[in-house]
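Input: a single structure, listed below in structure tokens.
The values are calculated or read from the model by the stated rules, or taken from the named source; none is laboratory data. As the structure is a prediction and not an experimental result, all values here were calculated from the model. Positions of Cβ are generated from backbone atoms using ideal geometry, with glycine treated the same way; all protein chains shown enter the neighbour counts.
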Amino acid sequence: MPIGLIALALGGFGIGLTEFVIAGLLPEVAADFRVNEAAAGWLISGYALGVVVGALFLTAAINRLPRKAALLGLMVLFIVGNTASALAPTYAFMLSGRVLAALAHGAFFGIGSVVAAGMVAPDKKARAIAIMFTGLTAANVLGVPFGTLLGQALGWRSTFWAIAVIGVVATIGVAVLVPSGTGVRAPSDDAAPSLRSELRAFRSGQVWLSIVVTILGFGGMFGAFTYMAFTLTEVSGFSSGAVPWLLILFGVGLFAGNALGGRFADRALDLTLTVVLAGLAVILAVFALVAGNPVAAVIALVLMGAFGFATVPGLQMRVMNYAPDAPTLASGANIAAFNVGNALGAWIGGVTITAGLGYTSPLWAGAAITLGAVVVMVFAGLAARRSRTDALDAAGVPSKESSTETLPIG
């Protein structure tokens, strides 16, 4: 695999750390700015909204730029946002810094997915995307625990200074290691389509079906994950001090699932997504049944992470496949869909707990939401196969169905 993918993964690591580490530092931040828990929570919610806006609108705004230049600009924005957070004299200033960094998050993963896919052979595109997202999983496994410890030992601002430094290193890596050749350049100004023409890619029913699968599939997992600390302590019987270490195991599952998911998606995209989503739905349901057993709960936690993140490379690849004339915009839209799914799942999980259904109810809700993703994915796969068969028949070509068929990117 090209070494430039490592630079993209490092950028993903810094961005993932920015997104997730704040959860462990909220008490310190809230105390420093003298705000309540609800206000401090906006440092997470505001970031999520910024990701959606950046993934959609900032990606569209810079789509005519060479993709490498766009990535470098986004990393500069990321550094500025985290530096602002580290220096923030007020809560409002801190929130502004978080939103700036979030704008870079959505667009970076959207454009970076296209760049990663363009750096490798057609049969390795999903694996290349998985390598870039390895940075995000590593942020969960290693970055968040150590970032939290750093913030608790030296003050929460030290964590954001460390993230800014990571951003500088990643920027240098992208500048030096990511090539400026085929797949990394956007169309020239003369050939570049208008935003209106690129939006025509969203007339494809398969693009929308892919986005719906992303929202439901990720919504199911993160709806359960959002309240996992309550499940592990109140149902499984673990102490609150054990939760961070258990979440590291969850992160190991993310890491493994991301790598394997990319490998299998390159071989059979729709089949892989269908099987993995179905497996995730089953695991969430089983987790709800065995949550009272600590050993079984840990095993289910790791498998939930593995199956949940095994979907990521394939979901990102699928939406890009069906928007070959606007892969960057489609990729950005799918990054937004991941975050919409996170918000939707967390809201539904919260509703079930508030309704008095217990701390395993988000797992049951997650299983139901994920089952919805399976249904949509089966429908999308059958529709895609039927369309390919009809196209071959119309052309007079003997039908040879293959779920690994992909369309060119960038």
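Could you please let me know if ARG263 is of a type in the set (D, E, K, R), within 18 Å of GLY135 (Cα to Cα) and modelled with pLDDT under 95? Yes, satisfied. Looking for something within 20 Å of the chain's Cα centre (by Cα), buried (at least 16 other Cβ atoms within 10 Å of the Cβ) and without any contact (Cβ under 8 Å) to a residue 40 or more places away in the chain - is there at least one such residue anywhere in the stretch 60-76? Yes, because at least one residue in the stretch 60-76 is within 20 Å of the chain's Cα centre (by Cα), buried (at least 16 other Cβ atoms within 10 Å of the Cβ) and without any contact (Cβ under 8 Å) to a residue 40 or more places away in the chain. For first residues located in the stretch 108-121 and in the same structural domain as LEU8 (by TED's automatic domain parsing), partners that are basic (Lys, Arg) and lie 6+ apart or on another chain with Cβ distances below 6 Å form the pairs ILE111/ARG67; VAL115/ARG67; ALA117/LYS125. For the stretch 153-195, a tally of residues being surrounded by 13 or more Cβ atoms within 10 Å (Cβ to Cβ), at pLDDT below 85 and of a type in the set (D, E, K, R) returns 1. State yes or no: is VAL53 surrounded by fewer than 24 Cβ atoms within 10 Å (Cβ to Cβ) and either touching a strand residue (DSSP E or B) at 6+ places or on another chain (Cβ under 7 Å) or at pLDDT 85 or above (or both)? In short, yes.
Can you spot a residue in the stretch 137-152 that is aromatic (Phe, Trp, Tyr), more than 18 Å from ARG67 (Cα to Cα), at pLDDT below 85 and in the same structural domain as LEU25 (by TED's automatic domain parsing)? Yes, the stretch 137-152 contains a residue that is aromatic (Phe, Trp, Tyr), more than 18 Å from ARG67 (Cα to Cα), at pLDDT below 85 and in the same structural domain as LEU25 (by TED's automatic domain parsing). The single condition among (1) touching a residue at least 12 places away in the same chain (Cβ under 8 Å); (2) surrounded by 16 or more Cβ atoms within 10 Å (Cβ to Cβ); (3) over 17 Å from the mean Cα position of the chain (by Cα) that ALA30 does not meet is (1). All told, SER113 falls short of being among the small types (Gly, Ala, Ser), at pLDDT 90 or above, part of a helix (DSSP H, G or I) and buried (at least 24 other Cβ atoms within 10 Å of the Cβ).
Modelled with pLDDT of 85 or more, surrounded by 24 or more Cβ atoms within 10 Å (Cβ to Cβ), closer than 16 Å to THR171 by Cα and touching a helix residue (DSSP H, G or I) at 6+ places or on another chain (Cβ under 8 Å) - does that describe any residue in the stretch 85-92? No, that holds for no residue. Scanning the stretch 103-127 for residues that are among the small types (Gly, Ala, Ser) and more than 16 Å from GLY12 (Cβ to Cβ) turns up GLY118, ALA121.
Taking into account only those residues within the stretch 229-251 that are under 17 Å from GLY143 (Cβ atoms) and of a type outside the set (Val, Ile, Thr), which is modelled with the lowest pLDDT? Checked the stretch 229-251; the qualifying residue modelled with the lowest pLDDT is PRO244.
Evaluated against (1) closer than 16 Å to MET228 by Cβ; (2) at pLDDT 85 or above, GLY381 falls short on exactly one condition, (1).
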